[in-house]
Every structure is written in C-alpha cells, then in structure tokens.
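Worksheet: one structure, shown below.
The values are calculated or read from the model by the stated rules, or taken from the named source; none is laboratory data. Here the structure is a predicted model, which means the values were calculated and not measured. Using ideal geometry, Cβ is built from the backbone for each residue, glycine included, and neighbour counts are taken over all protein chains shown.
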Amino acid sequence: MPGFFTDFNTAADGAPVRSGRQGAPVVGLSVNVDGQTSCLHAAYVQSVLDAGGIPLLIPATTDADALREMADRMDGLILTGGSDVDGRYFGEATLAGVTDVDALRDAYDFLLLRLAVDRQVPVFGICRGMQVIHIAFGGRFFQDIPSQLPGVPLNHAVWGEGIPKERPAHTVRLAEGSVLASIFGRSEIEVNSRHHQAVKGEAPGFRTTAVAPDGVIEAIEGFPERRIFGVQWHPENMAAPATRVSVPGPAADPDPGTQALFRFFIHEASLFRRAKAIHEKYLTVDSHTDTPMLFDRYAVVDTAPTLKLTPDPMDIGRRDPVARVDLVKMAEGHLDAAIEAAYIPQGPRNEVANREVTARAVEILKILREMIDAHSGLVGQARTFAEAEVLKRAGKKSIFFGLENGYALGRNLENLTMFRELGVVYVTLCHNGANDLCDSSAGAVEHGGLSSLGREAVREMNRLGVVIDLSHAADTTFWDVLNESTAPVIASHSSARALCDHPRNLTDDQLRAIAAKGGVVQVCLYHGFLSKDHQATLMDAVDHIDHVVRVAGVDCAGIGSDFDGGGGIPGCDGANELINITIELLRRGYTEPDIEKILGRNLRRVIDNIQAAATH
C-alpha cells in the first residue's frame, strides 16, 4: 500500500502530524511471565493512556544492562500484580502448597525496582508490586493471610468467587493527611482486592495509608522524601472502563478517585521528566563534596547475607557502597560537576606540622587527579566552567578541586600559587578551630576575626583569582573578609541561621551582604545545619533555599551538599538524589531560569568573575 505511511504521518493538508502525547512521561510497566511470554493485562496500559502517560512494557529479563538502559528512559515505573513473592527474599522458607512463585519474575522485579530507585524514578506498586516495594525496603511480610494473620481475616482473594475484577470486594480506611486521602478526597473507599500475601508492619521510611477492616495493610507511601507508593488492590480494573467486558448486575462505573490515582502518578512522572530535561540542558554543580576523605578507607562490599571488608580502595569510577558521590551516582542523578575538597582537619600549628599538612593536601589532590585520569573516558578535571561545559558536551562529568581549611597553607602564602596551579578554585579559610589565618565558628576566639596573615591571604587570593570560601568562618572573620576583599565571596556549604540557629549558618544580614558583594550561598545538606528540632529532610533543605531566595535574591542561592563529609538527608542522600531538589523546586513554582541559577549558574557567575579579575 504505497500511500499508507504518507497518510499515516501527514495531516489532510500535507503537514506532518505531531503526536498529541509529545512531552508526555514514559511509564514503564513490569510484566507477568507466562510460559515463554512477557504479558500484561490491557487495563494497565489503558489506565496509563487515560491519565496522559505513554506506557512502555518492560520485558521480563535479568539482563541488567538492558534494564539499565530502559530505566534511563523511564519517567515513572508501575510494578504490576502477579505471582507470589518467594519467601527467601524476606528471609523465610517459602510456604509449600499455598504459594505460586516465579523465580524470573522475582529477580526481574527487584532488579527493576533497584534501578528505578537509584535514579529517583517515581514508583507505583499495585498488589504484588506494593509487596515488592515493601520487601525491598526491609519490611516484614505475611506469606499467607488465612493461615498467618491473627484473628479472623476477610477473604482478600475473591475474584474466583464470581465477583468481577471491576467490582469492589470490601472497604479500606485511608490515613488522615496521606497523599492517598488527598487523592480520593475521603477517608473510606471501596476496593477490589485479590491477594493472599500481604505486607506486615511498615518498612523504614514508609507509612501505612490504607487498612482493611481486618487490619490488613492495603496501601503504603514514602512521600515526601520518596516518590514511591503502593496499593494492594487493582485500581487499573476500576479506572479503565475501555478494557472491561460487560458483566451482569449493577453497572460498575469507573471510580473517579481511582482514575485520579493514575493522574497523580502521571503528574509525578511529568515533574521527574521536566527535572531531567533541566539537568540535561544546563550545567549542574555541587559546590562542596568531601569524597577524598574516603580515599584511605577500606571499601565495604555487600556480599549478602553478610558485609565483608575488602582491601579495595575507594574509586570514583565505580558505584561505591559507602560514598555518596561517585561517577555512577553522578550519572544517575544527572549531576554534571562536583567540587571535591581536599580537607585537612585542624591540628598543631608549628613548622613541622605545617609542612606535613601542606604535603597531605597536595597528596590528596594528586590521588584525585590519578582517579580522574584513570577514568578519562567518563570524567575530566575542570579548572574553569568553560572547561566543564566542554566536558558536558562530550558526555563527561567534571571534577573541580577545592581546599578546605587554610591551615593547609601553613604560614607560606606562596602555597596559594602552588594550589592554584594544581587546579584549586576555592580555599575554605578555616574549619573547626582557629588557624593562622582567622577564627572559626567553632572553638576559641584567637584573632578577633582575620589575623594579619589572613588579611594578606585575602589580598593574595584576590590577585590570583582563587575564590574565598567563608563556610566555617566566625562571624567576625566573615565581616573582616567582606571589608578586606575586592572580589565576591562564597559560602560553599552553609545554610540559613534564621531557620536553624547554628553558628555554622549565616544570618540574614550575612546573606544580604554576600549578595550585595555579588557572591553566592550554597545551601548545605548536613542535618544539624538544617534543623535543630527534628530529623531534617529534603523539604527542610528546600526551605533553606527558599529563605536565601527571599532574603538575598535568587541570584545568591545554590547547593553545596557536603556529601561524604556528613551531608545527606532523607530524600537527598547522595549525588544520584540531588535531582529531587530540582523536582521540589518545580513543585514549589520555581521557573526554569531560576532553577538553572540555583543548580549552578550563580556559582559559575561568581567564579568566572573572580578568575577573570585575577591580576597574577
């Protein structure tokens, strides 16, 4: 039929037909294993289509490379219903006679979930899918409700008794304040359960959001730190009337709340898709990471069921079980560049110690450079943001060098030139305790701010185009530096004192002063600098960004995680999770240009200006 493809791809006037789903999120759907077939009930596909997504059936395979490629393309993942989960996945012998397990489906589902979670892909579990999520995150489990649930359970597997899949079987009560309750707009709903296995208790980081009258948990969610949730019933059958066949009895109209469940998930997938697009378009930077602190340790390798120490040193080129920053996690989180700090803890200040700490800082940077060279196909050292842009266009990550604690300079300011030639872009003037340059926010007061040597150091850093970092500095040091420096300054990993009263954080006056000088404040993800009265989470970190923006303007805000130096919070606990900040900024209404600034444009402006003004 010579005209078929022409007719299919063009409108009546000859213009190309553009898909009405262009830009819609791609939602991966796990499948059942039926003999030699990967298959899935059409109701799942229709529910995703009706909600505005593009369904992508993921074939049942344990080929990790293939699944990894598909996970990179997904904006959301729905783990669907199916066979029972093998008891060995939660440390029990599988109950004989009452379970129907499939080894391929189990291995495939858990691998697919791991790949999605590593990439922060939103996940929606349905029936078995909810159980897989719960087990993967360390939750307990009932292998068989009738024989293991205390009391008299409902019959949760009723479809074989003549009740169509589209009809409710019992009610569940929704938890007040849960996402599920907000979606349905009521506290009790009818559901069409079909299961004899069930989750028990709560997996760490999740809450129970729906319970059946017999106490069986029917829904869980990890919001807001994890965009993962699950329901034990089958909403796809109640939400997709186009896939249903006529059944006798009263009409089974689609539940608008159930349809809203899929629309909510597609919205989450759309936010993730938008965040990925922003990260692909713009250079994204984490201004302070301490991964070199791990270079001397032995790597902990997961050799389940036990953990074993191996003599393999930390390597940024592979996924490390301890490090929060490596090239794998940077790729998963769409993070282009990180400033890795050569950190020197404060120690004795004498001629011998000064030589030793300078040599140690040089050694750290040389090791880091060797690691970069060993993985030159994936990463390069960047000394300027122009170099980082070139690396991004080549599909590579960038590592900048920083020096944390001016103690590493000793009393010889010529060392500044040496460190600059090694590629150091900023020097954090102090750490915890005074050094020969200045007073710290921690420890005793010695100089009342900058020492005379510290004032010389500020002038020399201005001359060389080395950025002055005021994180860890005492308030007196802060104001002395702003009076002394002719160049803008940064706080590479500091948060807002108005929200968390800690001397490591910056007051509103300090935020405004840095902004007035053309500098930038990179919000830190260290729990103790985000909240003093509760466990800090992603929401608290974005609250601090909001505060910096309100007080000092969006041109003054950025992100300096302090990963591998104590930084890391639920919802943003590694380089692969930094994209969650972007998603939350989108949720709060930040524009793409403002998000670009926060993710790196502001820091680039400051460092570019300082480097361009160097007179060396």
Checklist line | Residues located in segment 255-314, provided they are at pLDDT 95 or above and outside any helix (DSSP H, G or I) | finding: TYR282, LEU283, THR284, VAL285, ASP286, SER287, HIS288, THR289, ASP290
Notebook entry, point to check: Across segment 66-115, what is the number of residues that are of a type in the set (Val, Ile, Thr) and touching a Cys at 6+ places or on another chain (Cβ under 7 Å)?
Noted result: 0
Checklist line | Flag for ASP562 being crowded, with 21+ Cβ neighbours inside 10 Å, closer than 28 Å to LYS281 by Cβ and under 19 Å from the mean Cα position of the chain (by Cα) | finding: yes
Next item on the list: Mind listing whichever residues of segment 311-335 are basic (Lys, Arg) and either within 15 Å of SER398 (Cα to Cα) or without any contact (Cβ under 8 Å) to a residue 40 or more places away in the chain (or both)?
Entry: ARG318, ARG319, LYS329
Margin query: Taking the condition of being among the charged types (D, E, K, R) and at pLDDT below 95, how many residues in segment 412-452 meet it?
Written below: 0
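For every residue, the table says whether it meets (1) farther than 30 Å from MET330 by Cβ; (2) among the basic types (Lys, Arg); (3) without any contact (Cβ under 8 Å) to a residue 12 or more places away in the chain.
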| site | (1), (2), (3) |
| --- | --- |
| ALA96 | yes, no, yes |
| ARG105 | yes, yes, no |
| LEU111 | no, no, no |
| ILE126 | yes, no, no |
| MET130 | yes, no, no |
| ILE133 | no, no, no |
Next item on the list: Kindly establish whether GLY81 is at pLDDT below 90 and either of a type in the set (A, V, I, L, M, F, W, C) or out of contact with any Ser or Thr (no Cβ under 9 Å at 6 or more places or on another chain) (or both).
Entry: no
Notebook entry, point to check: Looking at segment 386-426, which of its residues are touching a Phe, Trp or Tyr at 6+ places or on another chain (Cβ under 7 Å) and in a strand (DSSP E or B)?
Noted result: GLY402, LEU403, GLU404, VAL424, VAL425
Next item on the list: From the list LEU599, LEU511, LEU603, pick out the single residue that is over 27 Å from ARG227 (Cα atoms), assigned to a helix (DSSP H, G or I) and out of contact with any helix residue (DSSP H, G or I) (no Cβ under 6 Å at 6 or more places or on another chain).
Entry: LEU603
Notebook entry, point to check: Taking the stated definitions as given, is LEU586 more than 23 Å from VAL424 (Cα to Cα) and out of contact with any Gly (no Cβ under 6 Å at 6 or more places or on another chain)?
Noted result: yes
Check: Got a sec? Which strands (runs of 3 or more DSSP E) wholly within segment 137-240 have at least 2 residues that are of a type in the set (Phe, Trp, Tyr)?
Finding: 140-142
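Per-residue answers, yes or no, for (1) in contact (Cβ under 8 Å) with a residue 40 or more places away in the chain; (2) assigned to a helix (DSSP H, G or I); (3) assigned by TED's automatic domain parsing to the domain that holds PHE401:
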| residue | (1), (2), (3) |
| --- | --- |
| ALA444 | no, no, yes |
| LEU453 | yes, yes, yes |
| VAL458 | no, yes, yes |
| MET461 | yes, yes, yes |
| ILE468 | yes, no, yes |
| PHE478 | no, yes, yes |
| ASN483 | no, yes, yes |
| ALA487 | yes, no, yes |
| HIS493 | yes, no, yes |
Next item on the list: Being over 19 Å from GLY139 (Cβ atoms), part of a helix (DSSP H, G or I) and acidic (Asp, Glu) is the filter here, so list the residues in segment 95-117 that pass it.
Entry: none
Check: Within the bounds of segment 415-422, is there any residue that is out of contact with any strand residue (DSSP E or B) (no Cβ under 9 Å at 6 or more places or on another chain), closer than 21 Å to LYS329 by Cα and either free of Cβ contacts under 8 Å to residues at least 24 places away in the same chain or of a type in the set (Asp, Glu) (or both)?
Finding: no
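Which residues, taken from segment 511-543, are of a type in the set (D, E, K, R), over 14 Å from ASN580 (Cα atoms) and touching a residue at least 40 places away in the same chain (Cβ under 8 Å)?
ARG512
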Next item on the list: Might you let me know whether segment 526-545 holds any residue that is among the acidic types (Asp, Glu) and either under 24 Å from VAL424 (Cβ atoms) or under 20 Å from the mean Cα position of the chain (by Cα) (or both)?
Entry: yes
Item checked: Only one of VAL521, VAL548 that is surrounded by 24 or more Cβ atoms within 10 Å (Cβ to Cβ), in a helix (DSSP H, G or I) and assigned by TED's automatic domain parsing to the domain that holds PHE400 -> VAL548
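Residues are listed down the side, and each one gets a yes or a no for (1) in contact with a strand residue (DSSP E or B) (Cβ under 7 Å, 6 or more places away or on another chain); (2) under 30 Å from LEU327 (Cα atoms); (3) among the aliphatic types (A, V, I, L, M):
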{"site": "PHE90", "(1), (2), (3)": "yes, no, no"}
{"site": "LEU95", "(1), (2), (3)": "no, no, yes"}
{"site": "VAL101", "(1), (2), (3)": "yes, no, yes"}
{"site": "TYR108", "(1), (2), (3)": "no, yes, no"}
{"site": "PHE124", "(1), (2), (3)": "yes, yes, no"}
{"site": "PHE141", "(1), (2), (3)": "yes, no, no"}
{"site": "GLN148", "(1), (2), (3)": "yes, no, no"}
{"site": "GLY151", "(1), (2), (3)": "no, no, no"}
{"site": "HIS156", "(1), (2), (3)": "yes, no, no"}
Next item on the list: Determine which single condition GLY185 fails, assuming it passes every other condition in (1) small (Gly, Ala, Ser); (2) surrounded by 15 or more Cβ atoms within 10 Å (Cβ to Cβ); (3) under 20 Å from PHE262 (Cα atoms).
Entry: (2)
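Collect the residues in segment 12-67 that are among the polar types (S, T, N, Q), surrounded by 12 or more Cβ atoms within 10 Å (Cβ to Cβ) and modelled with pLDDT under 90, keeping them in residue-number order.
SER38
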Next item on the list: For HIS196, state whether it is at pLDDT below 95, touching a Pro at 6+ places or on another chain (Cβ under 8 Å) and not aliphatic (A, V, I, L, M).
Entry: yes
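Would you confirm whether any residue within segment 354-366 is in the same structural domain as TYR426 (by TED's automatic domain parsing), of a type in the set (S, T, N, Q), surrounded by fewer than 20 Cβ atoms within 10 Å (Cβ to Cβ) and part of a helix (DSSP H, G or I)?
Yes; the residues of segment 354-366 include at least one that is in the same structural domain as TYR426 (by TED's automatic domain parsing), of a type in the set (S, T, N, Q), surrounded by fewer than 20 Cβ atoms within 10 Å (Cβ to Cβ) and part of a helix (DSSP H, G or I).
Could you say whether any residue in segment 158-178 is aromatic (Phe, Trp, Tyr) and either more than 19 Å from TRP233 (Cα to Cα) or in contact with a Ser or Thr (Cβ under 6 Å, 6 or more places away or on another chain) (or both)? Let's see the steps before the verdict.
Initial filter on segment 158-178 (aromatic (Phe, Trp, Tyr)): 159.
Right, trim to either more than 19 Å from TRP233 (Cα to Cα) or in contact with a Ser or Thr (Cβ under 6 Å, 6 or more places away or on another chain) (or both) and you get none.
Taking every residue of segment 158-178 in turn, none turns out to be aromatic (Phe, Trp, Tyr) and either more than 19 Å from TRP233 (Cα to Cα) or in contact with a Ser or Thr (Cβ under 6 Å, 6 or more places away or on another chain) (or both).
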Next item on the list: Specify which of the listed residues (HIS502, HIS493) is touching an Asp or Glu at 6+ places or on another chain (Cβ under 9 Å) and not hydroxyl-bearing (Ser, Thr, Tyr).
Entry: HIS493
